[in-house]
Amino acid sequence: MTTPLLDRLADEAPVFPLVAALLARVSRKGRAADRDRERSPEQQLDAAREVTEVDGRPVLLTDDAVYEERQSASRFGTKPRKRFDALLDDLRAGRYGLVIVWEVDRAARELEAWSRFLNVCRDRGVLIHVITHRRTYDVRVGRDWRSLADDGIDAAYFSEKLSVNIRRGHADSAAQGRPGGRAPFGYARVYDGRGKLAQVDGVWQQIPNDDAPVVKEIIERVAASVPLNEVQRDLAARGVILPRSTIHAIVTCPAYANLRPAPGGGHTQGRWVPIVDETTWRQAVAVLDGNRGSKPGHTVWLLSQVGDCVCGASGSWKGQHGKGNTAATYFCRECGTKVNAAQADQYVLALALGRLARPDAAAVFARDTSADATAARAEADDLRRKASRFRDRLETAAAEEEEEILEQLRRLKPRIKKATERAAQLSTPPALAGFADALGNEELLVRRWADASLPARKALLKVVFERLELQRAAYRGQPAGERITHRWADEA
């Protein structure tokens, strides 16, 4: 039963505003499936401000209640959704009574995250307004919960379909040898009238630009085992300022060698103009991999971090300059055992060059067992077997078949040559690339050694020796040759 007094009090009761939050998320640019529905955070905020009243209560949306993010909302995302997680925490704390989103798949494309969001809103009595629906949902009501849950399933399914299409597109691009992603530093791209990457005679128009000589210099010098810091300093002296991380990224980018990552791992051949050859690029990458964990700077000592010690320490040799009449030494960082540095360098060098001068050196050391090298050799062998089968058929073929078989053999000949050359390039370990033509020839080895940088010499020793171990001196002044034991890499 109401009275005029109660009616007047109800009319005069204060109406508290509904404090709102906006979850504004934007997908990465360039994704065609999203482009027509894309809205910037500013556009989403403008649309959210038009939501002025919900269930008769005014809506209060402040700038600090905008949770903007650009990370992927799908299960394929690799970065954490920090702003989404922060919104959930604030909802649990009771900070908001309304959450505004542009569209369900803008908020989440991963079913578990969306379900967690709905559960928090239901537990805290938080309303959800979807701008594109022009409707506010109360997930405490079963039908509203089901409607948004179904939308979440649709968003997750859309993400799965999108992933399949993207992977298929990557596979198609790899099969066509088309460059992917943005043009790397040192390249420019030419597009046709439709805005697509142009092709000329089957070659994609990703063309080296004025920065290409810098890229070529970086990769070739790193392949020669020049430290990154030294490369960086030399470039800076000429006014080319590049962070060390950028130089590292340049060296490890396969596009410069006309390669692109394959969907299943490894690389496939591209069809654009390379800046360096594949062998040089792989050698540079191998140098970086070999230096991983070492301190950047100038290399001074031939055997530092190469030799082991009888005490059990691995790679423990460290160089120490002599003082006054005292000779320079290598000493073990663990137990302090010392050896004359000049004697050790001379003895190890004689051992290494002597082993590499043997007739079997090329067969023993110049064979890379990496997946790419193995695949290249397999391709060359397969083409040779194919040609052999055609030659066998030729012996018994009828006259009308001979011309067709000969044509097949003519087509196979350049393919076999190219595959054989690539297999030979990839079958040489990077550390031996500068010495490959000298294996088995002591005189030429000595010349190659003299021309090689100190890092390249260290890398060569690591290929030749499985272990160099320093023994404790049996008597004062015992020669280094009597104290250093070794095991060849092919004996491991």
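Contact order normalised by length for region 46-161, with contacts defined as Cα pairs under 8 Å and 6 or more residues apart; what percent is it?
Computed over region 46-161, the figure is 23 percent.
Compute the separation of the alpha-carbon centres of region 385-402 and region 71-121 and state it in Å as a whole number.
What the calculation gives is 67 Å, centre to centre.
With a 10 Å radius around each residue's Cβ, average the other Cβ atoms per peptide and rank 389-401, 224-236, highest first.
Packing proxy ranking, top to bottom: 224-236, 389-401.
Which residue, LEU87, VAL446, LEU148, has the largest displacement toward the positive end of the dipole of the chain when charges sit on each Cβ (Lys, Arg +1; Asp, Glu -1)?
Looking along the dipole axis, the top candidate is VAL446.
Among the lysines, select those whose C-alpha is under 28 Å from the C-alpha of LYS413, and discard any that sit fewer than 8 residues away in the same chain.
Counting by Cα, and skipping residues close in sequence, LYS413 has these lysines nearby: LYS386.
Could you compute the FRET efficiency for GLN471 and ARG238, with r as their C-beta to C-beta distance and R0 at 45 Å, rounded to 0.05?
My answer for the efficiency is 0.40.
For a 28 Å ceiling on Cα separation, which of these pairs sit above it: LYS418/LYS462; LYS196/LYS418; LYS323/LYS458; LYS418/LYS458?
LYS418/LYS462; LYS196/LYS418; LYS418/LYS458
To the nearest 20 debye, what is the magnitude of the charge dipole of region 210-291 about its Cα centre, counting +1 on the Cβ of each Lys and Arg and -1 on the Cβ of each Asp and Glu?
Once rounded to the nearest 20, the dipole reads 140 debye.
So, counting K/R as plus one and D/E as minus one, what does the shell of residues with Cβ under 12 Å around THR280 add up to?
-1
How much net charge surrounds GLN471 when only the other residues with a Cβ under 11 Å from the Cβ of GLN471 are counted, with Lys and Arg +1 and Asp and Glu -1?
With Lys, Arg at +1 and Asp, Glu at -1, the neighbours total -1.
With percent of Cα pairs over 40 Å apart defined as stated, name the option among (1) 24; (2) 40; (3) 51 computed from the structure displayed.
Read-out from the structure maps to (3).
Relative to the Cα centre, what is the charge dipole magnitude of the chain, using +1 at the beta carbon of each Lys and Arg, -1 at the beta carbon of each Asp and Glu, and rounding to the nearest 20 debye?
Taking the Cα centre of the chain as origin, the dipole is about 1100 debye.
With the dipole of region 374-425 worked out from charges on the C-beta (+1 for Lys and Arg, -1 for Asp and Glu) around the Cα centre, which of ALA398, ALA387, ILE416 lies farthest toward the positive end?
Farthest towards the positive end: ILE416.
Run the numbers on the chain and let me know its relative contact order in percent, using alpha-carbon pairs under 8 Å that are six or more apart.
The normalised contact order for the chain reaches 10 percent.
Evaluate E = 1/(1 + (r/R0)^6) for ASP89 and ARG393, where r is the Cβ-Cβ distance and R0 equals 60 Å; express this FRET efficiency to the nearest 0.05.
0.20
For each cysteine in the chain, check whether another cysteine's C-beta sits under 4.7 Å from its C-beta; list those where none does.
Taking the Cβ cut-off of 4.7 Å, the unpaired cysteines of the chain are CYS121, CYS253.
Could you work out the helix-only [θ] at 222 nm for the chain, with each DSSP H run of four or more residues adding -39,500 (n - 2.57) and the total divided by the number of residues, to the nearest 500 deg cm²/dmol?
-15000 deg cm²/dmol
Only the coordinates and a few stated rules stand behind these numbers; no lab work does. Every value quoted in this text rests on a predicted model; they were computed, and no experiment measured them. All Cβ positions, even for glycine, are placed from backbone atoms using ideal geometry, and neighbour counts span all protein chains on display.
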